[in-house]
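The next block holds one structure in the form of structure tokens; read it before the comments.
All of the numbers you see were taken from the coordinates with simple rules; none came from a lab. Predicted, not measured: the structure shown is a model, and the values here were computed from it. When we count neighbours, we look across all protein chains shown, and the Cβ atoms used for this are built from the backbone with ideal geometry, even at glycine.
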Amino acid sequence: MSRPHLQRTRAAGDEDPRRASRRRASRRNLGSALLFLSPWLIGFAVFTAWPLLYSAYLSLTDYDVINDPAFVGLDNYRALFADPKVALALGNTAVYTLVQVPLSIVVALALALLLSRAGRSAGFFRTMFFLPKMTPPVAVGILFLLLFNGQNGLINSALRLVGIVGPAWTTDPAWVKPGLVIMSLWTVGATVIILLAALQGVPEELYESARLDGAGFWRQSWSVTIPLISPALFFVVIVNTIAGLQTFDEAYTAFFGAGNTTYSNDAALFYVIYLFQQAFQFLHMGYASSMAWLLFAIILVVTAAQLLISRRLVYAEGEASR
């Protein structure tokens with residue numbers, strides 16, 4: 001059979017056997033991949049995608065768990081802007097996040113710099129710094145009340161030893177959020193580990209060159225260390241910001257758990273706490289769902305702004321080499 005006749009036969013409907021074999025192999029590979037991914041896909045669909053879509057629907061309804069949802073359109077979203085406690089909770093959350101995120105990163109970076117010089121003992125201290133992260137948040141909330149009690153707490157007792165009268169951390173609204181910020185430093189271990197890994201990736205040759213040029217520790221830190229670990233810094237800023245905007249466990253345990261009315265609650269009323277109250281104490285599921293979507297929008301906008309800012313501040317080694 002001549003080649004032109006073979007080409008005409010294939011054009012009439014016959015498929016190249018090699019191409020057909022590759023196509024069948026590709027379909028088998030796709031089927032195998034989907035089979036291995038199916039547990040995650042099913043879990044994502046059942047526990048993430050469906051609740052997400054259902055909460056979007058509930059945010060447009062009046063739903064109290066007992067009765068069927070009643071469609072109310074955008075009424076829940078309009079009520080958000082008229083609710084003074086939403087503004088209070090957002091303000092408390094914003095203040096806490098704006099103070100806690102920079103402070104925790106500064107402390108974590110300082111500890112990571114110390115660990116980078118610890119030598120053989122670095123492994124032990126890494127474990128010690130990370131262990132508090134494993135502490136249950138409820139235990140941290142109870143520990144907060146024990147340490148920051150204005151009368152006989154450990155913090156104020158230590159301050160009295162040096163002649164300082166400590167504030168009423170748990171009852172004075174001006175000191176509630178600073179106390180929670182200080183307590184949050186207990187769990188900076190994860191950030192320390194991330195920054196330590198970034199520090200260990202900085203070439204030692206750059207420090208040697210900086211020292212030869214007469215740069216001291218602070219100049220080396222500003223001109224060498226910070227730029228080269230800026231991707232890790234940017235990552236922990238985003239992660240900690242999202243975590244700060246979702247603060248719940250410790251503050252709820254300390255100020256709202258078990259019907260607690262002894263301490264000042266309004267100063268510790270964070271947004272997710274108020275959302276939880278609306279959903280599970282007052283059974284305003286539709287209103288709580290609209291609050292959740294508002295928080296999602298806020299986090300989305302804040303993260304997008306951080307991404308835009310990072311284009312100027314984050315060092316990209318690949319782009320620099322070009």
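Key figures for this structure:
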| quantity | calculated |
| --- | --- |
| Degrees, to the nearest 10: 84-116 long Cα axis against longest axis of the chain | 80 |
| Span from the the stretch 25-97 Cα centroid across to the the stretch 168-202 one, whole angstrom | 29 |
| Label-reachable residues, the stretch 223-239, where backbone N falls under 16 Å from a point 7 Å from Phe130's Cα toward its Cβ | none |
| Ellipsoid equivalent to the chain - semi-axes via the Cα gyration tensor, in Å | 47, 36, 18 |
| Over the stretch 13-168, equivalent-ellipsoid semi-axes from the Cα gyration tensor in Å | 50, 35, 15 |
| Interatomic Cα distance distribution for the stretch 108-186, bins of 5 angstrom, percent | 3, 14, 19, 17, 14, 15, 12, 5, 1 |
